[in-house]
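The values are calculated or read from the model by the stated rules, or taken from the named source; none is laboratory data. Quick caveat, the model's predicted, so the values are computed rather than measured. Note that we place each Cβ from the backbone using ideal geometry, even for glycine, and neighbour counts take in every protein chain shown. Please note that ligands, DNA and RNA were not included when accessible areas were found on the heavy atoms of the full protein model with its side chains. Shrake-Rupley method; radii C 1.70, N 1.55, O 1.52, S 1.80 Å.
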Amino acid sequence: MDKAKRNAVIAGNWKMNKTPAEAAALINEMKPLVEGADCKVVLCVPFVDIDAAVKAAEGSNIEIGAENVHFKANGAYTGEISAEMLTACGVKYVVIGHSERRQYFGETDQTVNLRTLAALNAGLTAIVCVGETLEQRELGYTETLLKFQTKMALTNVTAEQLKNVIIAYEPVWAIGTGVTATAEQADEGNGFVRQALAEVYGKEVAETVTVQYGGSMNAKNADELLSKINVDGGLIGGASLKAEDFSIIVKAASK
Ligand code: PEP
């Protein structure tokens, strides 16, 4: 296995936090702290913050992402945002299938797949989230579930399109709970994702895909998590709302 073949990507997921003015202020605080990082630095922000975030990040190494995307190009889908609308606003990445969307907003493996295809067709990089609940882990289904979710999300995604896919392994029990997976659990989960990729696209292609870990990654545990062979970066919730903590994680990924 060769970690050097893959891009390290640290992505913040701000969830439902920050007004446009607060978003600009936080990005301005972060810019000097992450400048020159040897990894990709992405901030996925609420829809209403995109314009302010893109402007604030201009000329820096921070790229802006969204937290969701609809799978239709346009039409009678009140409250939804299309992939073309996002790219027109300067968005480069989008989080798809976050467990909070699966849990609270009826997201299914099928809609995750449709959103992924729509994002890729529009030229976005899709950050596709997969992860098991504590109950599924305790029943021994982690491997089966991670492989199933990964394959379902990527149905009809070509090997060429896969170049614009990042998978984030996010154990549901570790998101926003302060309970982090051990580095070994993170490495194992990411490894299951990579095996699923290898089963569909072959080992060589699977080795090139960035697989992040997400779930209470913070300034203290990032070093150990990111040292694992299968952990190519992080999807960061809470700690991405604090400039200094986020920059420490970015630095850990740059080593
Ligand atoms: C997330 O929202 O994807 C996440 C990992 O959150 P947190 O870092 O707060 O657990």
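Rolled with a 1.4 Å probe across the full set of protein chains, the surface gives S227 an accessible area near 80 Å².
If a spin label sat at a point 7 angstrom from the Cα of E29 along the line to its beta carbon, the backbone N atoms of the range 205-241 nearer than 16 Å would be those of 219, 237-241.
Ranking V45, Q110, G90 by Cα position along the charge dipole of the chain, where only Lys, Arg, Asp and Glu carry charges on their C-beta atoms, puts G90 farthest toward the positive end.
For the chain, the carbon plus sulfur part of the accessible surface works out to 53%, probe radius 1.4 Å.
The GluC sites (Glu not before Pro) of the range 17-98 meeting both criteria, a DSSP state outside H, G, I, E and B (loop) and at most 15 other C-beta atoms within 10 angstrom of the site's C-beta, are E35, E58, E80. With a 1.4 Å probe rolled over the protein heavy atoms of all chains, the accessible area of Y104, Y169, Y77, Y141 falls in the order Y104, Y141, Y77, Y169, largest first. Rolling a 1.4 angstrom probe over the protein heavy atoms with all chains in place gives the range 1-123 an accessible area of 49 Å² per residue. Computing FRET efficiency as 1/(1 + (r/R0)^6) for E58 and T78, where r is the C-beta to C-beta distance and R0 is 41 Å, gives about 0.85. Computed over the chain, the per-residue total of -39500 (n - 2.57) for DSSP H runs of n ≥ 4 gives a 222 nm mean residue ellipticity of -11500 deg cm²/dmol, rounded to 500.
A cut-off of 5 Å between modelled amide H atoms, ignoring neighbours fewer than 5 places along the same chain, links H98 with C129.
In square angstrom, what is the accessible area per residue of the range 129-255 with a 1.4 angstrom probe? Here the residues of the range 129-255 average 42 Å² of exposed surface. Rg and Dmax of the range 1-86, both derived from C-alpha coordinates alone, stand at 14.7, 47 Å. Computed over the chain with a Gaussian network model linking Cα atoms closer than 10 Å, the most mobile of A24, A88, A206 is A88.
Which one, I167, A57, L134, projects farthest toward the positive side of the charge dipole computed for the chain from Cβ point charges (K/R +1, D/E -1)? Checked the options; the winner is A57. Within the range 186-208, name every residue whose backbone N is under 19 Å away from a label modeled 7 Å from Cα of Q103 along the Cβ vector. Of the residues in the range 186-208, 186 have backbone N under 19 Å from the label point off Q103.
Using Cβ point charges alone (K and R +1, D and E -1), the dipole size of the chain about the Cα centre works out to roughly 280 debye. For the range 35-80 versus the range 128-180, the inter-centroid distance based on Cα atoms is 22 Å. These residues, M85, M152, M217, M16, go from largest to smallest accessible area, 1.4 Å probe, as M16, M85, M152, M217. Filter the cross-link list K5/K55; K5/K72; K92/K242; K72/K251; K55/K147; K5/K92 down to pairs whose alpha-carbon distance in this structure exceeds 29 Å. From K5/K55; K5/K72; K92/K242; K72/K251; K55/K147; K5/K92, over 29 Å: K5/K55; K5/K72; K72/K251; K55/K147. Sorting V250, V205 by accessible area puts them as V205, V250; the probe is 1.4 Å, largest comes first, and only protein heavy atoms count. Placing dummy labels 7 Å off each Cα toward the beta-carbon, the span from E244 to V179 is 3.0 nm.
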